[in-house]
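Since every read-out is calculated from the coordinates, none of them should be taken as a lab result. Predicted model only: the values in this text are computed from it and were never measured. Neighbour counts are summed over all protein chains in view; Cβ atoms, including those assigned to glycine, are modelled from backbone coordinates with ideal geometry.
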Amino acid sequence: MSGSDDSVGALVTPSGGAAASAVRAVTAVAFAVMWIGGAATYVAGEAPPERLSWTPPVFLGLSAATLLAWLPAGQRAPVAAAGLIGWLAEALGVHTGFPFGSYSYGKALGPGALGVPLAMAAAWGVFAAYAVALASRLVGGRALAPGAALWLVAVDLVVDPPASSLLGFWVWREGGAYFGVPLANFAGWFVVGVAACWALVRCRWDAASDRSGAALSMGLALVVFFTAICLARGMLVPGVVGVVLCGAHGTIVRSRKAATGRQR
């Protein structure tokens with residue numbers, strides 16, 4: 001990626017001192033290693049061995065740490081705010097069934113509070129930043145948060161089935177029509193997604209300032225991760241949805257890049 005319009009390939013290093021550059025390099029390499037190891041493990045139909053049971057929450061935490069390390073300093077707080085909103089919604093959800101449905105978390109995602117793993121704040125922050133960064137290439141103004149939330153719902157069509165039924169991250173107590181996921185969950189994702197993405201925008205999140213393309217890169221990496229698991233483990237509908245999303249991501253980014261090039 002060169003600049004904020006080239007977010008399909010490698011990260012472009014933002015400005016900063018030697019220490020900041022080292023942190024960016026370490027987080028990116030660590031995330032890449034865990035991405036490869038995790039994908040290989042889950043695609044093979046296995047769970048991490050007991051001695052590596054810490055890897056799922058660390059993987060999600062690293063996705064957020066990598067994103068934050070590559071963002072300009074002023075753009076980190078909005079991502080944290082979005083992650084907190086998502087996490088609080090999850091806490092409400094596990095205790096009341098609103099807005100997602102009746103579910104609970106297991107131990108796979110590590111420690112947490114109020115019944116929700118802390119890793120979920122990382123996941124919400126990354127996905128919200130990704131959705132806003134991509135949606136901002138198509139819409140703006142009042143349409144941005146709802147547009148980004150629609151993309152989040154589409155992403156959850158890929159993530160939720162394997163995460164709940166194959167990986168054991170959480171369990172839907174009453175099942176549901178979409179690979180065991182209740183349809184109300186996706187309505188909940190839209191509502192919470194609007195709130196999280198609105199918070200990003202209100203906290204002065206500026207996708208254009210993410211010249212490294214970190215938000216787009218990290219979000220796409222997670223979508224590809226879960227898409228690969230779906231396809232390898234026989235969840236063809238979520239897998240195909242993931243393939244379509246990856247293709248749409250590339251089309252949106254390349255179209256914006258071409259338009260920017262013509263304007264120059």
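Is the shape of region 48-131 rounded, prolate or oblate, going by the alpha carbon gyration tensor and its root eigenvalues a ≥ b ≥ c, with a/c under 1.5 for rounded and a/b larger than b/c for prolate? Intermediate results must be reported in sequence, preceding the final value.
Values: a/c = 2.64, a/b = 1.18, b/c = 2.23.
Note, shape of region 48-131 comes out oblate.
Can you tell me how much longer the chain between Ala184 and Leu84 gets when fully stretched, taken as 0.36 nm per residue apart minus their C-alpha distance, in nm with one decimal?
Values: separation 100, 0.36 × 100 = 36.00 nm, distance 2.16 nm.
Residue separation times 0.36 nm, minus the Cα-Cα distance, leaves 33.8 nm.
Under a Cβ-Cβ cut-off of 11 Å, what is the net charge of the residues other than Gly180 that fall near it, where Lys and Arg count +1 and Asp and Glu count -1?
-1
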